[in-house]
Each structure stands twice: as structure tokens, then as C-alpha cells.
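The values are calculated or read from the model by the stated rules, or taken from the named source; none is laboratory data. What you see is a predicted model, and the numbers here were worked out from it, not measured in a lab. Here the Cβ positions follow ideal geometry from the backbone for every residue, glycine too, while neighbour counts run over all protein chains shown.
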Amino acid sequence: MRTWPVAIAAVMLAACSSGDDGAANSDGSVSSTLIPSTTAPATDSPSTTEVPARRSPELVAAPGPCTPSFAAGSTDHVLERAEGRRDFVLHRPDTSDGGRLPLVVDLHGTTGTPAIQEAISRFGVRGIETGAWVTMTPLALGAMTAWAVPGAIPGDDIGFIEDAIVAIVETACIDPERIFATGISSGAAMSAYLGCTSSLFAGVAPVAGVNLVRGCEDSPAVSLVAFHGTLDQYVPIEGLDGWDTDAFDDERKFFRGDLIGIVESWARRDGCASEVTITSMGPETERHEWIDCVDGTKVVLYLSEGAGHTHPGAPFPSDATSSVGAVAQDIDATDLIAREFGLIT
């Protein structure tokens, strides 16, 4: 069986350098204390939990102007929950108009960190430069820093991410109607999983991993903007073909489905027409859009010919691409995600 591409994290690590209010109650719910990160993150994990049903935490913005509780820029935060310490980084632009900004939750891949994910996607710096959104980059638990998607990996990552969002809606001046998730590899899987299980997200944008999660056609409509390379050897577009299927008998482990089939299931979920509009974005990439979706949602797939297990437009070093495959350079996934979700025009 092929292993997860630790090359992404290992190589990008070389390129990376690297206030305030919220704590958890005994039942794991969040109150309002965020504390600065000062020590190494915990690696202990609780026992595996059952796959949760769709959750609907209350998220209501206070009326009137909003004033952030901490300085603009990149800040480390800790959320104390039932399973222990959970860490995340916020990248917030300098705003002084009392308004609220969209939030992008950007999820690293297995063995990754917030710093590695930021080096790949650059969502944090782009949000700060444009002044258009806040970025949250959480850290997964364990030595492999892998997300529970749901899989055999223990931990309530959905609860952690939801609690972190609830904690920062006021302190970071977030617009609760414009919350999105993205990520690469298993982070892509986690973003898709959030779109299936949490009511907080208006849209998700998995990069190289939307087909790691089963479709959830019975859930309410949520926008999907997915990216995938035709030569992704870690998450192949044809799904389980060529994989050791015995390793995936337990349906709670990562699912590897047919890419088009999974995206079509999202289109059915969002009530889209069966017609697909295909637009050439350049020599490598086509944009596939399922049209006439309900409630203003959209379902889009950017499919890059010859690209591997990579983030289109990202600055992957050559020694990384030799392990994970080519990077599509005719598009910039970060810019397109921001445009597809209306964060910039």
C-alpha cells in the first residue's frame, strides 16, 4: 500500500520560518479564552470516536461595529478542550472600519504544520496583503499530525475547529455567513469532511483530496471548489484502482473514490443540473462547472493535466516535485479559491 506523501511536509519545512480571550468547559464546549501559544503542542490523543452527525453550533455575530481583540498580523493561539491543548495560527489583516471579514480555515496535510501549509498555500499572507479575509491554520494532533477524517485516527477535530471558530468570531471580527475551509491532501479530506458534517461552512475547497471522503448527498447544499491533478499518484483520480483494497475494508479509514463520481455526488447534493460547462484555463488546466445549483451554491472542479499531488501555483521546490509530482503553473489555486468564493474580485 502506498504511504502518505510526507515529502510535501519534509521539503517545505526547509522553506518555512517561522492575545487574548477563550478556554474549554469540562464537556469540551468552548468559553471565551484564547491564550498565546508558549509551549510545544500536546501529542496525546483520546480514544477513537464515532463519526459524528451533522452539527449545528450557534454562531451569531454581535450587532454593531466590531473591534479585534489582538494585533493584526500572524498570531499563535491555544484552545483548551476536553482532549487537551489544541493550537492554531491566525493571520488577520489590519482593519479599523468596525466591519467583519470572511474566514478561511486552511488545513495542512499529514505530518504538516501551520507553517508548512502557509508556505504552500500562502492564504495567510494573501489575506493580509489584500485585507480581504482572515486565515486560520489549525494543527492536528499526534506525531503524524493527521486529521480524524474520520478514519482510525483518534480525536474530535470537527469539534476543535468549530470551537476555535466560535471563540474568534468576536475577537477576530469574523463574518459568520462567510466561513470557508480548504487544505491539501488529508487537509483537503478534512475540508470536505467539514463540508459534510458542520453547518458553519458556506463552501469548501479541497486540493488533491476531495475523493478521500465519501459523498454526503443528504446534507444541505454547500459550495465545492476542488482541485486535482490527473497524475496524482497518492490520491489517483480513478480511486481505488491499483490500491491495496484490503487496507480499506474498515469504512472509517480514508476512502479513495473516483474523482468525477465524488464531485458529481456534490453536484447532486447541491441540486445542480447534470450539464457541465468546461473552460480551458491554460495549457494544463480545465475548469468544470456543474450549473444551476440551489441556494447560490456552486460546484467546480479544476482538473490539471499531468499535475501530481500538489497545490497549483505553489512554490514547490524541485526536490519536492520529484516525490509528489508536477505543479500546474497555468493557475493559482489560492487566487482562484478566493475569487470563486467572492473574497476578492
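Some notes on this structure:
- Given (1) surrounded by fewer than 20 Cβ atoms within 10 Å (Cβ to Cβ); (2) at pLDDT 90 or above; (3) outside any strand (DSSP E or B), number of the condition Thr111 does not satisfy: (1)
- Inclusion of Gly282 among residues that are farther than 20 Å from Ala333 by Cα and either surrounded by fewer than 18 Cβ atoms within 10 Å (Cβ to Cβ) or hydroxyl-bearing (Ser, Thr, Tyr) (or both) is not warranted.
- Members of segment 306-329 found to be at pLDDT 95 or above and surrounded by fewer than 16 Cβ atoms within 10 Å (Cβ to Cβ), listed by number: Gly306, Gln329
- Considering only residues in segment 285-305 that are among the charged types (D, E, K, R) and in a strand (DSSP E or B), the one that is surrounded by the fewest Cβ atoms within 10 Å (Cβ to Cβ) turns out to be Glu286.
- Given (1) closer than 16 Å to Arg86 by Cα; (2) surrounded by fewer than 23 Cβ atoms within 10 Å (Cβ to Cβ); (3) not aromatic (Phe, Trp, Tyr), index of the condition Gly131 fails: (1)
- When segment 61-87 is filtered for residues that are of a type outside the set (D, E, K, R) and buried (at least 19 other Cβ atoms within 10 Å of the Cβ), the ones remaining, listed by number, are Cys66, Pro68, His77, Val78, Leu79.
- Yes/no for Ala205 being assigned to a helix (DSSP H, G or I), of a type in the set (A, V, I, L, M) and at negative phi: no
- Within segment 317-337, tally of residues that are within 17 Å of Leu107 (Cα to Cα) and touching a Ser or Thr at 6+ places or on another chain (Cβ under 8 Å): 3
- Residues that are modelled with pLDDT of 85 or more, in a loop (DSSP other than H, G, I, E, B) and touching a strand residue (DSSP E or B) at 6+ places or on another chain (Cβ under 7 Å) within segment 30-81 comprise Pro68, Ala72, listed in sequence order.
- Within segment 258-278, at least one residue is loosely packed, with under 15 Cβ neighbours inside 10 Å, at pLDDT below 95 and part of a loop (DSSP other than H, G, I, E, B).
- Qualifying residue in segment 112-129 (condition: within 13 Å of the chain's Cα centre (by Cα) and under 23 Å from Gly64 (Cα atoms)): no
This table checks each residue for (1) within 27 Å of His309 (Cβ to Cβ); (2) at pLDDT 95 or above; (3) not polar (S, T, N, Q).
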position: Thr137; (1), (2), (3): yes, yes, no
position: Trp147; (1), (2), (3): yes, no, yes
position: Gly159; (1), (2), (3): no, no, yes
position: Arg178; (1), (2), (3): no, yes, yes
position: Gly183; (1), (2), (3): yes, yes, yes
position: Ser186; (1), (2), (3): yes, no, no
position: Glu217; (1), (2), (3): yes, no, yes
position: Val225; (1), (2), (3): yes, yes, yes
position: Val235; (1), (2), (3): yes, no, yes
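- The listed residue being part of a loop (DSSP other than H, G, I, E, B) and buried (at least 17 other Cβ atoms within 10 Å of the Cβ), out of Val104, Val149: Val149
- Breaking point among (1) under 30 Å from Val294 (Cβ atoms); (2) assigned to a helix (DSSP H, G or I), for Glu118: (1)
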